[in-house]
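No value in this document is a laboratory result; all are computed from the given coordinates. Predicted model only: the values in this text are computed from it and were never measured. Note that we place each Cβ from the backbone using ideal geometry, even for glycine, and neighbour counts take in every protein chain shown.
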Amino acid sequence: MKKQTILVTGGLGYIGSHTCIALLESDYELVIIDKLINSNISVLGRIEELTGKTVKFYNFDIRDELKVKDVLDNHPIDAVIHFAAFKSINESIEDPLLYYDNNVIGTIKLTEALQKRGIYKFIFSSSASVYGNPPKSPVSEETPRSTLNPYGATKLMVENILSDLVNANYLWKIGILRYFNPVGAHASGLIGQIPDKIPNNLMSYICLVANGDFPHVNVFGGDYNTPDGTAIRDYIHVTDLALAHVAALNKLEHQKGADVFNLGTGTGISVLELINAFEETNEIKIPYKIIDKRAGDSESVFADVSKANKILKWKTEKNLIEMCEDSWRWQKRF
């Protein structure tokens, strides 16, 4: 039986690279397109080192229609997993046109190219940000969608575009995966999230404080209606998230139209719980300071993952201790 070839856009990024490892370990052939904005070419060598397999790699922007055409003409692509998007909320607020152009127009051009060549299996990397500030948790796939920033708006727009696409052409088979809060790194310590100078998520912030780059973690709000007064989120290990993409890809074989899945653990963890878990796991003191809440922040957001558990036959395996261990093992490289 012929091995399937998967095109992975943004495949050297944080979630993309872990998913590429999971795909190679599941015996898929890979073609990666990545323009190396939020990633590094060294990741390609680490993917190949960890899996013992070689990968076809192209360095360009997916909005370059001629180069996308060349890749599709020269490789027998069976399906696409689309990670190539900008992801900073703050940057999206400062430069919304950049985000609408890259995230929305880029996806339109990519799906146009796929449709012309009869490639209809597509996995889209979405986000729990499409739920905006949900009124209650757990959040199911049926929770009304709204957004609080341009980044979230681009994810919601693409979801709507893909929904319209399957309504217009019954051949499309599309999986939309809504991530909650990815953390952690590959257990080898060779693959992880490239640290930002300004952390854009809590685990990165904690790691930078542990590394001495910041004096303390700013905790935004200490008087929420939660057990310890701090906000609650759903943290999922990135390797569990990667395996969900393999499960979603397998499901496309027997799927019609589009389907949507929440990817999280289904368990809410507060800011202080995460800080305390990191301290206990890695035996490092993490100073923190409780400051004012941020406008638009939700009190508690965690996923209802029953649909993914049932239909994808997938569930998370990594616990909070492993999230903290693997995050710190990776961060210590820097």
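Taking the number of Cβ atoms within 10 Å of each Cβ as an exposure proxy, the fewest-first ranking of 95, 326, 34 is 95, 326, 34.
Less than 13 Å Cβ to Cβ from residue 286, Lys/Arg counted +1 and Asp/Glu -1: what total charge do the surrounding residues give? Don't jump to the answer; show the numbers that get you there.
Values: positive: 285, 289; negative: 213, 273, 279, 280, 283.
Overall, the nearby charge balance is -3.
Looking at the stretch 203-270, the trypsin sites (Lys or Arg not before Pro) that sit in a DSSP loop and have at most 13 other Cβ atoms within 10 Å of their own Cβ are 256. In terms of distances greater than 30 angstrom between alpha carbons, the cross-link table entries 121/313; 2/313; 197/310; 53/121; 69/251 yield 197/310. Centre-to-centre separation between the Cα atoms of the stretch 222-268 and those of the stretch 1-62: 22 Å.
Restrict the search to the stretch 34-125; then list the trypsin sites (Lys or Arg not before Pro) that DSSP places in a loop and that have at most 15 other Cβ atoms within 10 Å of their Cβ.
On the way: sites: 35, 46, 53, 56, 63, 67, 69, 87, 109, 116, 117, 121; in loops: 35, 53, 63, 87, 117.
When the trypsin sites (Lys or Arg not before Pro) of the stretch 34-125 are filtered for loop state and at most 15 Cβ neighbours within 10 Å, 117 remain.
Can you show me the helix-derived [θ] at 222 nm for the chain, built from DSSP H runs with n ≥ 4 at -39,500 (n - 2.57) apiece and divided by the number of residues, rounded to the nearest 500.
On the way: 12 runs with 126 residues, N = 334.
Computed ellipticity for the chain at 222 nm equals -11500 deg cm²/dmol.
With the simple model of a label 7 Å out from the Cα in the direction of the Cβ, residue 170 to residue 40 spans 5.0 nm. Taking a Cβ cut-off of under 13 Å around residue 52, the surrounding Lys, Arg, Asp and Glu residues balance to a net charge of -2, with basic ones at +1 and acidic ones at -1. According to the square roots a ≥ b ≥ c of the eigenvalues of the Cα gyration tensor, what is the shape class of the stretch 93-180, taking rounded for a/c under 1.5, prolate for a/b larger than b/c otherwise, and oblate for the remainder? Cα axes put the stretch 93-180 in the oblate bin. Principal-axis analysis of the Cα atoms of the chain puts helix 238-252 at an angle of about 30° to the longest axis. Here the extension length gained between residue 267 and residue 311 equals 13.9 nm, from 0.36 nm per residue of separation less the Cα-Cα distance. Antiparallel beta bridges, as assigned by DSSP with both residues in the chain, represent about 5 percent of the total such bridges. Peptides 190-203, 122-135 ranked from most to least packed by the mean count of surrounding Cβ atoms within 10 Å: 122-135, 190-203.
Identify the residues of the stretch 24-60 with backbone N under 12 Å of a label point that sits 7 angstrom from the Cα of residue 3 along the Cα-to-Cβ direction, or state none. Flagged as within label range: 24-31, 51-56. Compared with the dominant Cα axis of the chain, that is its longest principal axis, helix 320-331 is turned about 80°.
Under unit Cβ charges (Lys, Arg +1; Asp, Glu -1), what dipole magnitude, rounded to 20 debye, does the stretch 1-160 have relative to its Cα centre? Spell out each step's value before the answer.
Numbers: 17 positive and 20 negative charges, 53 e Å.
The dipole of the stretch 1-160 has a size of about 260 debye.
Relative to the dominant Cα principal axis of the chain, helix 42-51 is inclined by about 80°.
If you filter the stretch 138-197 for chymotrypsin sites (Phe, Trp or Tyr not before Pro), then keep DSSP loop positions with at most 14 other Cβ within 10 Å, what is left?
Values: sites: 151, 170, 172, 179, 180; in loops: 170, 172, 180.
Here the sparse-neighbourhood loop sites are 170.
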